[in-house]
Amino acid sequence: MIKAIETNYSGHRFRSRIEARYAVFFDALRIEWEYEIEGFILPSGECYLPDFWLPKFNGGMWVEVKPKPFTEEEKDKCWQLCFGTQKSVWLANGKPNFTCYEVYYWNDEPPFVIEGDGIPNADKAERENRMFGMCGYGETGKRVGSQYMNLMGDSLEFAIKQANKARFEFGENG
């Protein structure tokens with residue numbers, strides 16, 4: 001098994017460079033974030049430590065980052081996190097990109113957890129009160145179609161470029 005390279009960025013030691021790239025992405029969008037702030041015991045009894053907490057984004061949202069598509073077991077843990085904390089969970093796989101991401105949304109009435117998909121609607125990122133764009137952007141895990149690119153605003157493209165050009169040589173700051 002290949003081990004991820006731990007990486008320093010913005011005063012935090014990330015377990016992987018891909019997590020650090022999401023921190024750069026959030027910074028470029030001016031989204032307040034906290035890294036691995038709290039662990040939980042899931043309804044299944046397993047211990048779980050989410051990667052990011054976005055305290056002001058979409059009413060507070062967890063973000064779990066994986067380099068590859070989520071397994072069913074990983075998705076189940078994210079579903080349990082959403083159910084247990086009553087906060088939405090963004091399943092971010094791969095580097096930040098124009099991708100349609102899977103999201104578990106908390107709902108105050110049954111069904112309490114709604115599986116959805118979308119991408120950040122970056123034109124309102126500065127106020128961190130934006131919602132995800134849903135479904136019309138494409139199929140989960142696939143690149144967003146060119147017909148929708150002009151609906152997203154320039155800040156998302158800027159944030160993706162910043163995250164992907166960040167260099168974390170030898171675990172140093174980006």
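Tell me, please, whether a residue that is farther than 20 Å from Lys161 by Cα, of a type in the set (Ser, Thr, Tyr) and in contact (Cβ under 8 Å) with a residue 24 or more places away in the chain can be found in segment 4-25. Within segment 4-25 (the criterion being farther than 20 Å from Lys161 by Cα, of a type in the set (Ser, Thr, Tyr) and in contact (Cβ under 8 Å) with a residue 24 or more places away in the chain), the answer is no, since none of the residues qualifies.
Taken over segment 65-89, residues that are within 12 Å of the chain's Cα centre (by Cα) and within 18 Å of Gly39 (Cβ to Cβ) amount to 4. Restricting attention to segment 41-55, the residues that are farther than 23 Å from Ala4 by Cα and either free of Cβ contacts under 8 Å to residues at least 24 places away in the same chain or touching a strand residue (DSSP E or B) at 6+ places or on another chain (Cβ under 6 Å) (or both) add up to 5. The residue of segment 1-28 that is nearest to Gln86 (Cα to Cα), among those that are in a loop (DSSP other than H, G, I, E, B) and of a type outside the set (Ser, Thr, Tyr), is Arg15. Based on what the data block shows, is Ile31 buried (at least 18 other Cβ atoms within 10 Å of the Cβ) and part of a loop (DSSP other than H, G, I, E, B)? Against the criterion (buried (at least 18 other Cβ atoms within 10 Å of the Cβ) and part of a loop (DSSP other than H, G, I, E, B)), Ile31 qualifies.
Read the figures in this text as sums done on the coordinates, not as results from a lab. In this text the structure is predicted, and so the values were computed from the model without any measurement. Reconstructed Cβ throughout: ideal geometry from the backbone, glycine too, with neighbour counts over all protein chains shown.
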